[in-house]
Amino acid sequence: MAQQERAVRTRRAVLEAAATVFAEHGYSAATVSDILKAAGVTKGALYFHFDSKEALARGVLQAQVAQTLPPQEFKVQDWVDTGLLLAHRLPRDAVVRAGAVLSSDPRGREHYGSAWPALIELSTQTLTEAKERGEILSHVVPQQTTELMVSAFHGVQLFSQLEHGLADVERRVSVLFEHVMPAITVPAVLAHLDLAADRGARLYAQCTQQPDLVGAQRAE
């Protein structure tokens, strides 16, 4: 059991070190030596868990997508919460920040893929269930709406990063939802949604009290 726990800690250390290096330097400029130095582990320990730089990038992307939130009364609130929590984590969590960098790298994506397809799939499932429950308007096509939101989120995040170093990303994502949700949500549900800029922070505080929620998957 102790050996297994050490392996879990080592994998997590390697993954978070890789995320820090990818977020700072990008995929192409990052080296395994940089990641080893940041992780403080041996080359053998790193390669036991990840056999290449590409595998490290894929691991970071998988960790970015793997967040679990407390369920809400409305599925459409679950959909909103995913975006607001990501916005809160972007300036604070190297894994999320690296996932954004890796997913938007047109050359690197050829080697390791992107987080966007998984995010779109999960979000589409949530919106589909919301539509089945009558929470969103009948004309809304869940996958189209999700693809639009993922692309808009990326633009908002990039603008915030370039203009303000992500200091205002939570407010900007909140404004994005304030504009989108009235166009897709039935009025009776819209009136109950929490789209506030600080909701991501509140969700994160709640999740840190429950180890089975956000971030727990990184240890697996």
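The values are calculated or read from the model by the stated rules, or taken from the named source; none is laboratory data. Bear in mind that the values here come from a model prediction, so they are computed numbers and not experimental data. Ideal geometry is used to build each Cβ from the backbone, glycine not excepted, and the neighbour counts take in all protein chains shown.
Observations
- Residue 60 vs. criteria hydrophobic (A, V, I, L, M, F, W, C), surrounded by fewer than 17 Cβ atoms within 10 Å (Cβ to Cβ), assigned to a helix (DSSP H, G or I) and in contact with a helix residue (DSSP H, G or I) (Cβ under 6 Å, 6 or more places away or on another chain): no
- Selected residue (only one of 77, 72 is of a type in the set (S, T, N, Q), under 26 Å from residue 137 (Cα atoms) and in a helix (DSSP H, G or I)): 77
- Flag for residue 66 being touching a residue at least 24 places away in the same chain (Cβ under 8 Å) and closer than 25 Å to residue 143 by Cα: yes
- Residue check: residue 116 meets all listed conditions (1) touching a His at 6+ places or on another chain (Cβ under 9 Å); (2) crowded, with 21+ Cβ neighbours inside 10 Å but one, namely (2).
- Of all residues making up region 147-175, the number that are without any contact (Cβ under 8 Å) to a residue 60 or more places away in the chain and either hydrophobic (A, V, I, L, M, F, W, C) or more than 19 Å from residue 90 (Cβ to Cβ) (or both): 9
- Residue among 2, 13, 7, 23 that is modelled with pLDDT of 90 or more, more than 19 Å from residue 113 (Cα to Cα) and of a type outside the set (Lys, Arg): 13
- There is at least one residue in region 110-123 that is assigned by TED's automatic domain parsing to the domain that holds residue 154 and of a type in the set (D, E, K, R).
- The condition of being surrounded by fewer than 15 Cβ atoms within 10 Å (Cβ to Cβ), polar (S, T, N, Q), free of Cβ contacts under 8 Å to residues at least 60 places away in the same chain and assigned to a helix (DSSP H, G or I) holds for only one of 123, 138, 33, that being 33.
- Residue count for region 75-132, restricted to those that are at pLDDT below 95 and of a type in the set (Phe, Trp, Tyr): 2.
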